[in-house]
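Below is one structure; the comments refer to it alone.
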Amino acid sequence: MLASSTANRDTFAVSTPSDQEIRLTRRFNAPRHLVFEAMTRPEHVARWWGCLAEGYSVPVCEIDLRVGGRWRFVNRHPKGEAAFHGEYLEIEPPGRLVFTEIFEDFPDSPSVVTTELLEEGAGTRLVVTAKYPSMAVRDIVIGTGMAKGAAISYDRLEDLVAELGRR
Amino acid sequence: MMAQLQTVDPLSTTFSALADPTRRAILARLAAGEASVTELAEPFDMTLPAVSKHLKVLERAGLIARNREAQWRRCRLDPAPLRTASDWLEHYREFWEQRFDRLEAYLAELQQESKKATKKKGRRGARTK
């Protein structure tokens, strides 16, 4: 399965369509309906979302797939747990999904995540656009190494935080 | 820039304060221990009022505290908001890119399973289709 997980890695790209947004895109060798299902059914989400390596699991995965319905995922990782929840705003299978996302440790910084699935040959082009509460928050997200080659760099922050952690 | 600093969202306040390289350098210096404004200004080609302005931004973001009694008001670092910001970032660093890789691997698994299921059905005869 390793080969398949990296087959389209080069198609991963990040851009900043507006001051507060980050757009991530990637190709998948699967039809749109399957990608949509993988993202919206709890039995599927629990198998990939947050299952990044050994020691990672998804003990809570609740999805009420209705407009106005809520979702909540908990990711258990080697250092603890991270919980996210939100509300579905638009549901149009297999092409579009919009929801809010709140990282529960930081409820004051919600984002709105728009997922678009476009047909690309026999596969799917996934376009995820996350809108953050301010440009400052977005920029720091970009600067963390998530977006290779992004113009804005906060490389010193990591050094600084590491330095503080040693105190 | 001021509009960003006035936002109510505390993470944005922290990140706005960290967005400037001089302010990050000041924090790095304070990570080594308390310092006066004059000491902090030394490595920079900057006037004391300019450095004070940066310190005010850092103070407002809760990243530094200043001793009010001493005449020279020594500054010290408060790492709490940085840790908060760092924890928040950790989520993105760890998840976004790897999530997509993991999703693709899972989709491949799903497709293989459905292929196998179709083959089994085929063997049993077209009727079950």
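The values are calculated or read from the model by the stated rules, or taken from the named source; none is laboratory data. All values derive from a computational prediction rather than experimental measurement. Note that each Cβ is placed from the backbone with ideal geometry, even for glycine, and that neighbours are counted across all protein chains shown.
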Condition set more than 14 Å from A:LEU118 (Cα to Cα) and under 15 Å from the mean Cα position of the chain (by Cα), scope region A:17-29, selection surrounded by the most Cβ atoms within 10 Å (Cβ to Cβ): answer is A:ILE22
Exercise. Restricting attention to region B:2-15, does a residue exist that is within 29 Å of A:ARG138 (Cα to Cα), assigned to a helix (DSSP H, G or I), more than 11 Å from chain A (Cβ to nearest Cβ) and at pLDDT below 80?
Worked result: yes
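Find the residue count for region A:87-116, including only residues that are within 12 Å of another protein chain (Cβ to nearest Cβ) and within 20 Å of B:GLU104 (Cβ to Cβ).
Within region A:87-116, the first condition is being within 12 Å of another protein chain (Cβ to nearest Cβ), and the residues that meet it are A:101-111, A:113, A:115.
Right, trim to within 20 Å of B:GLU104 (Cβ to Cβ) and you get A:113, A:115.
Adding up the residues that qualify gives 2.
Kindly check whether there is at least one residue in region A:100-121 that is part of a strand (DSSP E or B) and at pLDDT below 85.
Going through region A:100-121, the residues part of a strand (DSSP E or B) turn out to be A:100-103, A:111-120.
Applying the additional criterion that residues be at pLDDT below 85 yields A:103.
Yes, region A:100-121 contains a residue that is part of a strand (DSSP E or B) and at pLDDT below 85.
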A:ARG47 fails exactly one of (1) surrounded by 17 or more Cβ atoms within 10 Å (Cβ to Cβ); (2) touching a Cys at 6+ places or on another chain (Cβ under 9 Å); (3) not hydrophobic (A, V, I, L, M, F, W, C), namely (2)
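Take the conditions surrounded by fewer than 18 Cβ atoms within 10 Å (Cβ to Cβ) and more than 29 Å from A:SER134 (Cα to Cα) and apply them to A:GLU92. Does it pass?
Numbers: surrounded by fewer than 18 Cβ atoms within 10 Å (Cβ to Cβ): yes; more than 29 Å from A:SER134 (Cα to Cα): no.
Answer is no for this residue.
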Every listed condition ((1) closer than 15 Å to B:GLU97 by Cα; (2) crowded, with 19+ Cβ neighbours inside 10 Å; (3) touching a strand residue (DSSP E or B) at 6+ places or on another chain (Cβ under 8 Å); (4) without any contact (Cβ under 8 Å) to a residue 40 or more places away in the chain) holds for A:PHE12 save (2)
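Hey, among A:PHE84, A:PHE73, which residue is surrounded by 17 or more Cβ atoms within 10 Å (Cβ to Cβ) and within 10 Å of chain B (Cβ to nearest Cβ)? Walk me through it before giving the result.
Values: A:PHE73 fails: within 10 Å of chain B (Cβ to nearest Cβ).
One residue alone meets the criteria, A:PHE84.
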Residue set B:ARG83, B:ARG74, B:ARG102, B:ARG124; condition buried (at least 16 other Cβ atoms within 10 Å of the Cβ) and either modelled with pLDDT under 80 or within 7 Å of chain A (Cβ to nearest Cβ) (or both); output residue B:ARG102
If we take region A:1-88, then strands (runs of 3 or more DSSP E) inside it with 2 or more residues that are modelled with pLDDT of 80 or more are A:21-28, A:57-63, A:70-77
